[in-house]
Amino acid sequence: MNKYYNCKMNKLNTPVSVTYASELKKVEAQAVAEKLGLPCLQVSESHTALNLNFTDDFVELRDSEKNIAIHIDFISGELAHRQQYGGGKGQAIAKAIGIKQGIEPPTVLDATAGLAKDAFVLACLGCPMTLLERSPVIVELIRDAIRRASDDEQFQLILDNGFDLIEQSSIDYLLSFLSNEDSDNTEDARPDVIYLDPMYPERKKSASVKKNMQLLQNLLGKDEDTQALLDIALKIARKRVVVKRPKGAESLSALKPGYQVASKKTRYDIYLVPG
């Protein structure tokens, strides 16, 4: 067995129900629940801590015990501001990815898409994006956000440039490149950059832990295959692998990054691919 298959796959850390806030969304919620093999009921009747909840306006991940919820929105709020102002070409993530004035933006594979915040920022900077996410619950949040944003003229430009969501284990996806490495089509499909943003190490409970991170940690638990993911990413990326880490955290690997780019709270480890 290939060593990369020995990894944590698509498991839920905490039980989840699919719920709906009104009868208007019942059929849609039931279809997703059947697909995911999860129970479906009105949100007021749910007994699980986490709910993939269909409201009349959007799909959200709701923690009924803590009474907090998150959803993704590409056309209003913080992400819309990033879109309006081009994502900020001088910011650390742009430098880490290798975006330079006058040069065509690289193709980027976000192998740990999560809530797609960084993927959207890079898309606003002109990068054709492929998003990989193995959690079907998180995938539904991203799909809903894309559907709601698809009528927006500026977001349509992002879709036309490439903002492709794939529900699959990143390791399985990347292994397909190795199994077909003699194919010209496989070579052409390799991304310039592979971006990794694994679940941050657990910290003591504090107000600084944002609600979205609390919910994701409850849903997914710890990432246990990040070393294997980095190893295989280095075999696939054309130019570099970029790993996002908390400032002061250990690197994912004993392999020393080529260089680092730091912001106030975040560090990007850049592993350059020879070639």
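Just a few scattered comments:
- Odd one out for MET199 among (1) at pLDDT 85 or above; (2) open to solvent by less than 40 Å² (accessible area, probe 1.4 Å): (1)
- Members of the stretch 124-155 found to be open to solvent by 10 Å² or more (accessible area, probe 1.4 Å), more than 23 Å from ALA33 (Cα to Cα) and touching a strand residue (DSSP E or B) at 6+ places or on another chain (Cβ under 8 Å), listed by number: PRO128, THR130
- Qualifying residue in the stretch 102-116 (condition: on the phi < 0 side of the Ramachandran plot, exposed (fewer than 15 other Cβ atoms within 10 Å of the Cβ) and in a helix (DSSP H, G or I)): no
- Test: residue in the stretch 221-234 that is open to solvent by 30 Å² or more (accessible area, probe 1.4 Å) and modelled with pLDDT of 95 or more: yes
The rows are residues; the columns are (1) open to solvent by 20 Å² or more (accessible area, probe 1.4 Å); (2) modelled with pLDDT of 70 or more.
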{"residue": "GLY162", "(1), (2)": "no, yes"}
{"residue": "ILE171", "(1), (2)": "no, yes"}
{"residue": "GLU181", "(1), (2)": "yes, no"}
{"residue": "GLU187", "(1), (2)": "yes, yes"}
{"residue": "ALA207", "(1), (2)": "yes, no"}
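- Output for the stretch 55-84, where each listed residue is at pLDDT 95 or above, over 14 Å from ALA21 (Cβ atoms) and either open to solvent by 20 Å² or more (accessible area, probe 1.4 Å) or more than 19 Å from the chain's Cα centre (by Cα) (or both): ASP73
The values are calculated or read from the model by the stated rules, or taken from the named source; none is laboratory data. The structure presented is a predicted model; accordingly, all values stated were derived computationally and were not measured. Heads up, the Cβs are rebuilt from the backbone with ideal geometry, glycines too, and the neighbour counts pull from every protein chain shown. SASA here: full protein model, heavy atoms, side chains in, ligands and nucleic acids out. Shrake-Rupley method; radii C 1.70, N 1.55, O 1.52, S 1.80 Å.
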